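Take a look at the structure below.
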Ligand code: SAH
């Protein structure tokens with residue numbers, strides 16, 4: 001598979017995201033493993049090399065545009081519902097000083113991802129199998145992260161409930177979303193934001209022809225998530241906090 005990395009790097013540059021040759025080498029190594037594991041990972045829809053470059057890798061990198069505060073040194077980042085490692089793996093490649101936890105409920109994906117990050121020698125990415133609703137109550141995880149990133153997991157009201165409890169005060173939730181969905185999901189998330197202590201800090205449109213209709217939504221954790229949240233596994237999605 002010949003992925004058009006040069007085009008991708010040019011677009012990333014135009015967005016203000018500097019991608020080096022070394023980064024591209026690591027992207028390519030991961031993309032090769034992904035192509036091999038794609039059936040297992042249910043990624044059969046993304047086979048087109050252009051889509052790999054733009055819809056997987058560049059889209060993941062746009063999460064950097066959502067940072068409304070600079071990352072602290074040795075930042076702790078968590079990708080919730082990472083699937084095959086997006087946006088978390090490209091981010092871990094771009095941010096070698098950060099530790100990036102990759103969380104997903106599907107064990108077989110995490111087994112694959114552990115092997116993949118080992119193979120490409122990515123030492124700052126930590127794949128873990130588990131549900132956000134459970135992990136967020138673990139004292140080792142709750143309130144421990146500076147940034148949570150999330151792509152293609154749930155509507156914003158649900159993301160607020162399952163992601164904000166992982167953040168420290170002032171921590172940032174960065175959600176990669178479609179612009180159209182955001183228009184309806186954001187007003188619906190008002191009650192969840194109020195309950196969980198979050199504030200919408202920015203909704204940034206992605207100015208790139210290859211990524212039409214994309215926005216980066218940043219929510220800052222200002223308060224503290226009340227103890228009972230997130231509710232039990234499955235409840236946030238089936239009975240979202242829409243009031
Ligand atoms: N973020 C990836 C994968 C999206 S698919 C990408 O953009 O390509 C959604 C993933 O979220 C699935 O792998 C699913 O297992 C995971 N997921 C959904 N709800 C979850 C939860 N509550 N806790 C952990 N993982 C969850």
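The values are calculated or read from the model by the stated rules, or taken from the named source; none is laboratory data. The model shown is predicted, which means the values in this text are computed figures rather than measured ones. Here Cβ is always computed from backbone atoms with ideal geometry, including for glycine, and neighbour counts include all displayed protein chains.
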Checklist line | Residue ranges of strands (runs of 3 or more DSSP E) in the range 50-152 with at least 1 members in contact with a strand residue (DSSP E or B) (Cβ under 7 Å, 6 or more places away or on another chain), modelled with pLDDT of 95 or more and more than 15 Å from the ligand (Cβ to nearest atom) | finding: 76-80, 99-104, 145-151
Notebook entry, point to check: Any idea which residue in the range 88-133 is farthest from residue 164 (Cα to Cα), counting only those that are surrounded by fewer than 16 Cβ atoms within 10 Å (Cβ to Cβ) and touching a helix residue (DSSP H, G or I) at 6+ places or on another chain (Cβ under 7 Å)?
Noted result: 119
Checklist line | Members of the range 1-39 found to be more than 21 Å from the chain's Cα centre (by Cα), touching a residue at least 12 places away in the same chain (Cβ under 8 Å) and in a loop (DSSP other than H, G, I, E, B), listed by number | finding: 1, 2, 3, 4
Notebook entry, point to check: Has the range 21-31 got at least one residue that is modelled with pLDDT of 95 or more and closer than 24 Å to residue 204 by Cβ?
Noted result: yes
Margin query: within 16 Å of the ligand (Cβ to nearest atom) and over 21 Å from residue 105 (Cα atoms): which single residue out of 216, 158 fits that description?
Written below: 216
Check: Looking only at residues in the range 215-230 that are surrounded by fewer than 23 Cβ atoms within 10 Å (Cβ to Cβ) and out of contact with any strand residue (DSSP E or B) (no Cβ under 9 Å at 6 or more places or on another chain), which one is farthest from residue 71 (Cα to Cα)?
Finding: 228
Next item on the list: Pick out, from the range 155-206, the helices (runs of 4 or more DSSP H) lying fully within it that include 2 or more residues that are surrounded by fewer than 20 Cβ atoms within 10 Å (Cβ to Cβ).
Entry: 179-188, 190-196
